[in-house]
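The values are calculated or read from the model by the stated rules, or taken from the named source; none is laboratory data. Worth saying up front: this structure is predicted, and the values here are computed from it rather than measured. Please note: Cβ atoms are built from the backbone with ideal geometry, for glycine as well, and neighbour counts cover all protein chains shown. Note: areas computed on protein heavy atoms with side chains; ligands, DNA, RNA excluded. Shrake-Rupley method; radii C 1.70, N 1.55, O 1.52, S 1.80 Å.
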Amino acid sequence: MKKIFLSALLILIVQTFYAQKKDIWSMPEQVENERSFDVINYSINMSVDLDNKRFVASNKVTLKPFLGGFSSFSLHAEELKITAVKNSDGSDLDFKQDEGFVHIDMGRSYNSDETITVKLYYIGENLSDGLFFHDATDRYPKMIESNSWPNHARIWYPCYDEPNEKATQEISVTCVKPLKVISNGALESVKEHGDSVTYVWKQDKPHSSYLSMLSVAPFSVLKDSLNDLPVNYWIFPGDEENAARIFDGTPEIIDFYNRIYGYEYPWDKYDQVIGPRQGGGAEATSATILGLGVIHDPDIDKDLNWKRIIAHEIAHQWWGNLVTLRTWSETWMNEGFGTYSDYLYTEAFRDKTEAELALEGKKNAYFREARNRYIRPIVFTRYNEPQDNFDSHTYPKAAIVLHMLRAQLGDEAFFKTLSHFLHKHAFGSVETNDFKVSIKEATGRNMDWFIDQWIYNPGHPVLEVSKSWDEGQGILKFTIDQVQDKKQGIPVFKFPLKVAIYTKDGKKIYKELWIENKESQFAWRLEENPLMVRFDVGNYLLKEWTFKKDADELIFQVKNDDATGAKWAIRQLVEYYGSTEVVKEFLQSTTLDHKNWAVRLESLKALNEISYLKQ
């Protein structure tokens, strides 16, 4: 009865797989913002008052028109009170504020070869976002913490606040002692004057406004380095010992990315800054803001490991900061590469099995979203706010797609592509087509079909896999059917995969398959009925699948396969054979004796499920 119920449930899941619980297709279609000028530099001067949660500031903006006849322009400015706008000669310019913008009349027309400088004076207080004034608690002191992502820089300084624009930046902040100030780029100076101190930070390489950051607090600063690169940790007093342990290895991660990306770390320094508002991490150019949870006692290190988050955020210094998405529909250009980079870190610094299990977790996160919320293309132009696209399609699914691309290209070609792409588009804004072209330029391979299928189309293969053994002719027949619903542009996928055939004499026979039709059939002549047929060796393919096997083959798979394959086999044992005493006894021994912790845990969960179903 249980077997019939589970089979019917699987059919129901497949039939209703693409039912959307959130109608994302009705959201407005977004396009890249147009602009009439190129910002060259922002020079921000602030005096901050933590007690009154207020600041007085100016921003000198240097820009160049794209075309002649340039006589007026607008900058984003939300919740700021603009008090004056002056030309480079100090004369007042007419301006008005409305609906999140400040509109500036230049008083005359400028040509495209002229450089324009205007200075905006403004006040900020009681802001809802962008720059947070935190009251002191027993965990952290009174402080300021920025939140520029995704379009909140405009709340603390007037700017062109879209990712397709990059500019250099200087920030001068005056505060009372003993506060310290951290921002992007290199520390130019620290000047004391009575009870106050002024910090000047200079970001001399262009970056997008959402990557600007500012924190002001009585920080304790731990100093580290990678050769000549300063690597510092801005923490709260009392957290020094834990922070030294937790951030240990940061320079090695940077060095690892230098080597695999084929592009040296591009910024003046790397800082990790603790902030109470963050849950995980938020990248900014040359700095990462990390949540309070990163600081913890050593006795919980095994249960709470932040190294992958630390590695993910470091990766953004290349993926997101050096090359930046052109529009928020291209979120995977930042987050997919960042998420795959934390897999690369795990693969290199921990162990391959742990990396594979982490990758399985990423797949499952995407599948949960696909089943329960929606399915969309990875590049998606329909959203209300930029953060709508920061989901499990952007992060884990995109990371899995990169893993599949690496498998198809091979390591040499894959990492050569990454290096070529970074060098070609350094300090620029990018879109998916730029990456497609880079693959061709770096490797000679045309992978347009791959990018189109996995990035521009929604969904993934849902496969029914079956096999049969013809004893008389000694032939193993193998069939793969793609049964995914083709609605909403979901294609019949084309992909390579590897099958391994395990025989009684200990041989592993590998077969390379190429799938591009709804139904694919294969037949192989063998000397004996194999002990196991392993589908998708290496677990590269992003897929859901059924593959009915007998209990003996599944038990063999648990004993002989990798951790992800063994976990899958345990779930199959529960689904089809969970009522048998043989399976129960096998799972009990697996829970105690299997070499991998994740397989032992999966077996324990299976035993609990069997007990529950028998009640």
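If the condition is being part of a strand (DSSP E or B) and aliphatic (A, V, I, L, M), then the stretch 202-230 contributes 214, 216, 217, 221, 222, 226, 229. Filtered by the rule that a residue be among the charged types (D, E, K, R), open to solvent by less than 20 Å² (accessible area, probe 1.4 Å) and within 16 Å of residue 467 (Cβ to Cβ), the stretch 519-559 gives 534, 536, 549, 553. Residues that are among the aromatic types (Phe, Trp, Tyr), open to solvent by less than 50 Å² (accessible area, probe 1.4 Å) and within 15 Å of residue 37 (Cβ to Cβ) do not occur anywhere in the stretch 90-105. For the stretch 358-373, a residue qualifies if it is over 22 Å from residue 348 (Cα atoms) and in a helix (DSSP H, G or I), and the qualifying residues are 364, 365, 366, 367, 368, 369, 370, 371, 372.
On inspection, residue 353 qualifies as farther than 21 Å from residue 259 by Cα and not in a strand (DSSP E or B).
Screening residue 279 on (1) at pLDDT below 95; (2) in contact with a helix residue (DSSP H, G or I) (Cβ under 6 Å, 6 or more places away or on another chain) shows it passes everything except condition (2). Conditions: (1) modelled with pLDDT of 95 or more; (2) part of a loop (DSSP other than H, G, I, E, B); (3) open to solvent by less than 70 Å² (accessible area, probe 1.4 Å). Residue 17 meets all but one. Number of the miss? Of the numbered conditions (1) modelled with pLDDT of 95 or more; (2) part of a loop (DSSP other than H, G, I, E, B); (3) open to solvent by less than 70 Å² (accessible area, probe 1.4 Å), the odd one out for residue 17 is (1). Scanning the stretch 560-588 for residues that are without any contact (Cβ under 8 Å) to a residue 24 or more places away in the chain and open to solvent by 50 Å² or more (accessible area, probe 1.4 Å) yields 581, 585, 588.
Only residues that are open to solvent by 100 Å² or more (accessible area, probe 1.4 Å) and in contact (Cβ under 8 Å) with a residue 24 or more places away in the chain were counted across the stretch 589-615, and they come to 1.
Pairs are defined by a Cβ separation below 7 Å, a sequence spacing of at least 6 or placement on different chains, a first member in the stretch 96-124 that is without any contact (Cβ under 8 Å) to a residue 40 or more places away in the chain and closer than 23 Å to residue 55 by Cα, and a second member that is open to solvent by 60 Å² or more (accessible area, probe 1.4 Å) and in a strand (DSSP E or B); the pairs so defined are 103/72; 103/95; 103/96; 104/72; 104/95. If you go through the stretch 473-493 one residue at a time, do you hit one that is modelled with pLDDT of 95 or more, of a type outside the set (A, V, I, L, M), touching a His at 6+ places or on another chain (Cβ under 7 Å) and surrounded by fewer than 19 Cβ atoms within 10 Å (Cβ to Cβ)? Among the residues of the stretch 473-493, not one is modelled with pLDDT of 95 or more, of a type outside the set (A, V, I, L, M), touching a His at 6+ places or on another chain (Cβ under 7 Å) and surrounded by fewer than 19 Cβ atoms within 10 Å (Cβ to Cβ), which makes the answer no. Being in contact with a Gly (Cβ under 9 Å, 6 or more places away or on another chain), free of Cβ contacts under 8 Å to residues at least 40 places away in the same chain and not aliphatic (A, V, I, L, M) is the requirement here; does residue 201 meet it? When the stated conditions are applied, residue 201 passes them. Condition test on residue 438, is it exposed (fewer than 14 other Cβ atoms within 10 Å of the Cβ) and touching a Ser or Thr at 6+ places or on another chain (Cβ under 9 Å)? For residue 438, the condition - exposed (fewer than 14 other Cβ atoms within 10 Å of the Cβ) and touching a Ser or Thr at 6+ places or on another chain (Cβ under 9 Å) - is not met. Within the stretch 386-402, identify whether any single residue is assigned to a loop (DSSP other than H, G, I, E, B), touching a Phe, Trp or Tyr at 6+ places or on another chain (Cβ under 9 Å) and more than 26 Å from residue 360 (Cα to Cα), and answer yes or no. Within the stretch 386-402, none of the residues are assigned to a loop (DSSP other than H, G, I, E, B), touching a Phe, Trp or Tyr at 6+ places or on another chain (Cβ under 9 Å) and more than 26 Å from residue 360 (Cα to Cα).
Here residue 368 fulfils each of the conditions (1) touching a helix residue (DSSP H, G or I) at 6+ places or on another chain (Cβ under 8 Å); (2) open to solvent by 40 Å² or more (accessible area, probe 1.4 Å) apart from (1). Here is a check on your reading of the model: is residue 348 crowded, with 19+ Cβ neighbours inside 10 Å and either in a helix (DSSP H, G or I) or among the charged types (D, E, K, R) (or both)? Criteria not met by residue 348.
Looking at the stretch 119-150, which of the residues that are farther than 19 Å from residue 57 by Cα and either of a type in the set (Asp, Glu) or outside any loop (DSSP other than H, G, I, E, B) (or both) is least open to solvent (accessible area, probe 1.4 Å)?
Result: 134.
The condition of being within 21 Å of residue 323 (Cα to Cα), basic (Lys, Arg), open to solvent by 10 Å² or more (accessible area, probe 1.4 Å) and in contact with a strand residue (DSSP E or B) (Cβ under 8 Å, 6 or more places away or on another chain) holds for only one of 223, 205, that being 205.
Within the stretch 231-245, how many residues turn out to be part of a strand (DSSP E or B) and in contact with a helix residue (DSSP H, G or I) (Cβ under 8 Å, 6 or more places away or on another chain)?
If we filter the stretch 231-245 for residues that are part of a strand (DSSP E or B), which is where we start, we get 231-235.
Now drop any that are not in contact with a helix residue (DSSP H, G or I) (Cβ under 8 Å, 6 or more places away or on another chain), which leaves 231, 233, 235.
Residues that pass the stated criteria total 3.
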